[in-house]
């Protein structure tokens with residue numbers, strides 16, 4: 001979606017997903033299996049306006065983000081394990097002061113909120129080709145537990161689709 005707004009996008013992924021990331025619009029790809037991610041980002045300097053963390057790994061990415069985020073930059077955390085340790089990690093990120101090793105950049109933790117206007121915009125981008133999506137796999141509605149299990153493994157390459165209506 002950032003590419004649809006002409007924003008320069010740098011992503012991290014494993015070697016296996018480099019071409020996929022480029023295919024959906026990444027301008028730059030950092031292969032985290034070939035380097036230390038934090039060192040690679042730090043070498044670039046404070047060049048990023050924002051970081052969107054969908055994975056939550058490495059654990060200290062936010063604490064080191066002042067080394068690669070601009071002083072006015074924002075770190076957006078999307079990923080969090082939905083368990084006690086995951087919630088404790090989120091609390092620590094927000095509560096630990098920078099003087100005690102906490103982060104030095106603005107931190108936002110976001111949860112998805114579906115809005116009609118957002119869905120309309122996404123539909124327009126899909127229709128005009130500004131946004132492309134990759135489908136990893138599809139499941140029948142009765143196979144939702146299998147779809148969820150695949151999602152929990154965290155190794156999908158694209159979206160998981162569940163058909164809620166009977167297919168012709």
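The values are calculated or read from the model by the stated rules, or taken from the named source; none is laboratory data. Note that the structure is predicted; figures quoted are calculated from it, not measured. All Cβ positions, even for glycine, are placed from backbone atoms using ideal geometry, and neighbour counts span all protein chains on display.
Points to keep in mind about this one:
- Total residues in segment 40-79, condition surrounded by 16 or more Cβ atoms within 10 Å (Cβ to Cβ), in a loop (DSSP other than H, G, I, E, B) and at pLDDT below 90: 1
- Filter result for residue 150 (at pLDDT 90 or above, touching a strand residue (DSSP E or B) at 6+ places or on another chain (Cβ under 8 Å) and not assigned by TED's automatic domain parsing to the domain that holds residue 23): yes
- Unique residue being touching a strand residue (DSSP E or B) at 6+ places or on another chain (Cβ under 6 Å), in contact (Cβ under 8 Å) with a residue 12 or more places away in the chain and at negative phi when the list is 73, 158: 73
- When each of 61, 100, 52, 93 is tested for being assigned by TED's automatic domain parsing to the domain that holds residue 18 and within 30 Å of residue 163 (Cα to Cα), the lone residue that passes is 52.
- The set of residues from segment 1-24 being farther than 15 Å from residue 54 by Cβ and in a loop (DSSP other than H, G, I, E, B) comprises 6, 7, 8.
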